[in-house]
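Enquirer: Have a look at this one before I ask anything.
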Amino acid sequence: MPLRSWVRGSWFEPTAEGTPVHDAVTGERIDTVTTDGLDMAGVLSYGRDTGGAALRDLDFHERAAILKQLGLYLREHRDDLYAVSKRTGATLGDSKFDVDGGLGVLLSYGSKGRRELPADTVLVEGPVEQLGRGGQFVAQHVLTSLRGVAVQINAFNFPVWGPLEKFAPAFLGGVPSVIKPATATSFLTARLVELIVESGLLPEGTLQFVCGGVGDLFDHLTDQDLVSFTGSASTAQRLRTHPAIVGRSVRFNAEADSLNCSILGPDAVSGTPEFDLFVKQLVNEMTVKAGQKCTAIRRALVPVDSLDAVAEAAAARLANVVVGNPDDESVRMGALASLDQREEVRRSLKSLLSVGTAVFGDPDHVDVVGADAERGAFVSPVLVRADDAERAEPHEVEAFGPVSTLIGYRDTDHAIELAARGQGSLAGSVVTADVDFARDVVLGIAPWHGRLLVLDRDDAPESTGHGSPLPMLIHGGPGRAGGGEEMGGIRGVTHHMQRTAVQASPKVLGAITSRWVRGSERATGVHPFRKSLAELRLGDSVVAGPRRVTDEDVAHFAEFTGDTFYAHTDAEAAAANPFFDGIVAHGYLVVSLAAGLFVDPEPGPVLANYGIDELRFLTPVYPGDELTVTLTCKAITPRGDSEHGEVRWDAEVTKQDGSVVAQYDVLTMVAKVWP
């Protein structure tokens with residue numbers, strides 16, 4: 001039966017036969033895929049009109065809560081996904097890498113959305129810029145959700161992680177998604193989508209699933225839509241030049257396979273912890289997911305004097321890798337995703353072996369446990385040693401499977417030069433205990449890399465590894481790697497939003513951004529610390545002071561705190577300081593005195609002060625100066641089902657001549673209701 005698509009709020013069952021999909025282990029036909037009969041224009045319109053509207057009715061915190069709930073729901077059903085994943089050729093470890101990695105993205109964005117974004121649909125970026133002398137003409141950058149659909153074109157190697165790493169930041173950014181899986185492993189993505197639909201957690205239209213070819217989908221893209229692609233560089237080039245992409249300036253993000261490298265430092269000779277770490281990491285990257293990772297190590301750059309030792313150690317570890325049916329507990333490496341993929345790997349290996357020698361493995365033969373080596377898409381791990389580091393093939397040909405090439409380098413500059421010949425990579429690593437070598441290499445190759453890991457004996461116990469993208473870090477790279485980026489924490493959310501510079505009066509800008517802006521009106525009266533979150537309003541203020549600073553205050557603070565820096569204790573030395581005219585009050589004395597002025601001491605809705613942001617001391621305070629503080633409610637952030645929320649207060653301390661002494665934000669927890 002053809003796999004179904006989830007579109008326009010219901011399951012679409014094709015009547016055409018479609019392209020067959022096979023079990024990677026047994027070769028058995030599983031199902032077919034086709035999008036014949038699907039109205040692609042209708043799919044996109046439904047996403048924009050129904051899904052987009054539903055998401056824009058939710059603020060960042062509400063969207064984040066849904067992502068967290070979905071992640072927890074799918075975690076309860078991950079054994080189901082593991083079972084289906086076996087048919088892609090994945091071992092249990094491979095399946096966890098894919099499935100748990102995807103769930104981790106959902107949970108990470110669920111957490112980041114609550115902690116780092118406001119309870120709003122508008123995201124403010126950067127400080128308010130004063131454009132006029134009087135302070136009544138200001139500007140700020142704001143980000144709003146695009147009114148389109150995020151179209152995913154996914155690769156076959158991560159049928160769970162791939163869709164979820166694109167979906168989570170799009171959903172949090174307020175943009176619905178259309179998932180298009182790769183044919184070879186589409187049945188696993190289909191099961192993922194079935195579970196998501198069964199959860200009932202997502203608002204209608206925020207996720208659709210198109211199983212089969214893209215058909216005429218690209219023809220119906222608009223300037224508000226986005227396309228996120230993962231796959232080969234050649235396919236990325238073809239898609240990004242589609243007339244609709246070019247003509248309508250559709251945002252196109254590509255994450256393409258790349259010739260990632262790992263560099264062994266000259267200090268990491270045989271017998272050192274770093275040598276062992278390098279060999280272990282190399283073999284893991286070759287065998288996890290049968291080497292079918294866009295971040296896998298394709299080029300192992302090794303000092304010429306260490307080539308023999310690395311080849312011998314890696315071959316010894318590879319000899320212990322059992323290849324076969326993932327149902328067998330002894331199996332460490334499963335099959336490639338398809339027979340077509342096996343043939344592609346073999347073709348690429350022929351090119352690599354034309355300029356090198358296999359130090360382990362035979363591309364045409366592999367011993368398999370629990371399966372037929374020919375019916376299943378099995379291939380042996382193959383470690384190639386390049387005859388000449390300068391030949392083009394190792395730096396241009398990627399065998400997307402359990403294959404890596406050892407390449408010798410002469411010195412640091414040569415290692416950097418060879419790494420750069422990959423023409424852009426998603427990930428790279430440097431394994432060394434020499435910090436100078438690490439610094440030189442990282443800064444030398446960073447322009448060609450999206451992510452770099454420096455591995456040594458200190459960070460190894462906690463390292464997530466060379467090939468593991470993390471939701472809080474960017475996943476992407478320049479040049480051959482596609483020139484785009486995914487995830488990266490909140491950066492990935494903003495890819496789905498439009499940045500707009502808004503110029504207005506402080507009052508209007510505050511209304512747009514849901515933040516009080518300096519220069520707007522302040523409301524005084526009841527002390528704002530007596531107001532619950534339900535009663536508090538932006539602009540609620542208290543003005544307190546003046547409070548005279550005395551010599552005794554400064555001397556006592558110095559003695560009490562131990563801060564006897566000369567500018568606070570030695571009049572002659574302080575006067576010699578080019579910034580002061582004599583003894584000055586401690587900055588933190590100023591902040592403490594300000595708190596004493598604005599605080600309402602009685603029990604009330606303000607529960608705790610949990611920090612200060614953006615503190616700046618602008619003018620020295622001398623004994624005899626009088627301080628006044630103005631505290632204004634700047635931003636209010638409720639916290640979901642919690643009984644309290646966060647309030648950000650603008651604090652401005654001035655002295656008798658009106659000059660500003662200090663500016664900062666005070667962060668407090670405030671009860672939603674009181675009593």
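Enquirer: Per residue Cα convex hull volume for the range 1-80, in cubic angstrom?
Expert: That works out to 124 Å³ per residue.
Enquirer: Something else now. Calculate one ³J(HN,Hα) per residue across the range 646-651 by plugging θ = phi - 60° into the Karplus curve 6.51 cos²θ - 1.76 cosθ + 1.60, and present them in order as whole Hz with x for glycine and proline.
Expert: Per-residue couplings from phi come out as 10, 10, 9, 10, 7, 10 Hz.
Enquirer: Turning to a different aspect of this structure: Report the dimensions of the range 180-284 along its three principal axes from the alpha-carbon atoms, largest first, rounded to Å.
Expert: Principal axes ranked by extent give 59, 38, 24 Å for the Cα atoms.
Enquirer: Turning to a different aspect of this structure: So if I take the alpha carbon set of the range 395-544, get Rg, then get Rh from the Kirkwood formula, what is the Rg over Rh ratio?
Expert: 1.24
Enquirer: While we're looking at this one, here's another question. Please compute, for the alpha-carbon atoms of the range 323-412, the extent along each of the three principal axes and give them in descending order in Å.
Expert: 45, 24, 18
Enquirer: Right, something else. So how do 82, 610 rank on accessible area, 1.4 Å probe, biggest first, that is with the largest at the start?
Expert: Accessible-area ranking of 82, 610, largest first: 610, 82.
Enquirer: Can you return the aspartates and glutamates within cross-link range of residue 293? Criterion is Cα-Cα under 14 Å, with same-chain partners fewer than 8 residues away left out.
Expert: Correct list for residue 293: 94, 98, 255, 257, 285, 398.
Enquirer: Compare the peptides 165-177, 7-19, 620-632 by average per-residue count of other Cβ atoms within 10 angstrom and give them in order, highest first.
Expert: With the highest mean Cβ count within 10 Å placed first, the list reads 165-177, 620-632, 7-19.
Enquirer: Ranked highest first by average number of other Cβ atoms within 10 Å, how do 250-262, 128-140 line up?
Expert: Taking the mean over residues of other Cβ atoms within 10 Å, the ranking is 250-262, 128-140.
Enquirer: Now a separate question. Quick query: amide H of residue 226 versus all other amide H atoms, modeled in the peptide plane; which residues come in under 5 Å with a sequence gap of 5 or more or a different chain?
Expert: Placed amide hydrogens put 149, 150, 151 under 5 Å from residue 226.
Enquirer: Right, another one. Using a 1.4 Å probe on the protein heavy atoms, what percent of the accessible area of the chain belongs to carbon and sulfur?
Expert: Within the chain, the accessible surface is 50 percent carbon and sulfur.
Enquirer: Taking only protein heavy atoms and a 1.4 Å probe, what accessible area per residue, in Å², does the chain have with all protein chains in place?
Expert: Per-residue accessible area for the chain comes out at 41 Å².
Enquirer: Which value in Å is the Kirkwood Rh of the range 537-675 over different Cα pairs?
Expert: Averaging 1/r across every pair of different Cα atoms and inverting gives 16.3 Å.
Enquirer: Given Cα positions, please report Rg to Rh for the range 1-140, the hydrodynamic radius being the Kirkwood one.
Expert: 1.15
Enquirer: Given Cβ point charges of +1 (Lys, Arg) and -1 (Asp, Glu) and nothing else, what value in debye, to the nearest 20, does the dipole of the chain about its Cα centre take?
Expert: For the chain, the charge dipole is close to 1880 debye.
Enquirer: Here is a further query. Where in the chain are the DSSP H helices whose alpha-carbon span along the long axis reaches 27 Å or more and whose Kyte-Doolittle mean is at least -0.5?
Expert: 92-116
Enquirer: Still on this structure, please answer the following. Can you give the relative contact order of the chain as a percent, counting alpha carbon pairs under 8 Å and 6+ residues apart?
Expert: 13
Enquirer: Using helices alone, what [θ] at 222 nm do you get for the chain, with -39,500 (n - 2.57) per DSSP H run of 4 or more residues, divided over all residues and rounded to the nearest 500?
Expert: Using -39500 (n - 2.57) per qualifying helix, the result is -9500 deg cm²/dmol.
Enquirer: Averaged across orientations, what area in nm² does the convex hull of the alpha carbons in the range 460-565 project?
Expert: Convex hull of Cα atoms, orientation-averaged projection: 15.9 nm².
Enquirer: What is the spread of the Cα atoms of the range 226-358 along each of their three principal axes, largest first, in whole Å?
Expert: Each principal axis gives a Cα extent; for the range 226-358 these are 58, 39, 29 Å.
Enquirer: Starting from the alpha-carbon convex hull of the range 516-555, give the projected area averaged over all orientations, in nm².
Expert: Answer in nm², one decimal: 4.5.
Enquirer: Short version: what are the Cα gyration tensor semi-axes of the range 224-304, square root of 5 times each eigenvalue, largest first, in whole Å?
Expert: With the √(5λ) rule applied to the range 224-304, the semi-axes are 38, 12, 9 Å.
Enquirer: Give the distance, in whole Å, between the Cα centre of the range 117-186 and the Cα centre of the range 1-64.
Expert: With the range 117-186 and the range 1-64 each reduced to a Cα centre, they are spaced 21 Å.
Enquirer: Can I ask one more? If I take all pairs of Cα atoms in the range 393-439, what percentage of them are more than 16 Å from each other?
Expert: Value for the range 393-439: 47 percent of Cα pairs lie more than 16 Å apart.
Enquirer: Report the per residue volume, in Å³, of the convex hull enclosing the C-alpha atoms of the chain.
Expert: Normalising the Cα hull of the chain by residue number yields 194 Å³.
Enquirer: Taking the Cα centre of the range 82-180 as origin, work out the dipole magnitude from +1 charges on Lys and Arg Cβ and -1 charges on Asp and Glu Cβ, in debye rounded to 20.
Expert: Rounded to the nearest 20 debye, it is 220 debye.
Enquirer: Could I ask something else about it? If you build the convex hull over the alpha carbons only and average its shadow over all orientations, what do you get for the range 368-410? Give it in nm² to one decimal.
Expert: In nm², the orientation-averaged hull projection of the range 368-410 is 3.9.
Enquirer: How high is the relative contact order of the range 335-425? Use alpha-carbon pairs under 8 Å, at least six apart in sequence, and give a whole percent.
Expert: 30
Enquirer: For the range 163-232, divide the Cα radius of gyration by the Kirkwood radius and give the resulting Rg/Rh value with two decimals.
Expert: For the range 163-232, the value is 0.94.
Enquirer: Additional query: Just reorder 466, 22 by solvent-accessible area, largest first, 1.4 Å probe, all chains present.
Expert: 22, 466
Enquirer: Still on this model: Which whole-percent values make up P(r) of the range 104-144 when all C-alpha to C-alpha distances are grouped in 10 Å steps starting at zero?
Expert: Cα pair-distance distribution for the range 104-144, in percent: 25, 34, 24, 12, 5.
Enquirer: Continuing with the same structure: Quick one: check the C-alpha center-to-center distance for the range 279-323 versus the range 588-662, whole angstrom.
Expert: Value for the Cα centre distance between the two parts: 57 Å.
Enquirer: Next up: List, in the order given, every pair from 634/672; 96/166; 68/672; 112/280; 68/289 whose Cα-Cα distance in the structure shown is over 21 Å.
Expert: Over 21 Å Cα-Cα: 68/672; 112/280; 68/289.
The values are calculated or read from the model by the stated rules, or taken from the named source; none is laboratory data. Everything quoted here is computed from the prediction, not taken from an experiment. Note that each Cβ is placed from the backbone with ideal geometry, even for glycine, and that neighbours are counted across all protein chains shown. Each accessible area value is taken on the protein alone, full model and side chains, heavy atoms only, with ligands, DNA and RNA left out. Shrake-Rupley method; radii C 1.70, N 1.55, O 1.52, S 1.80 Å.
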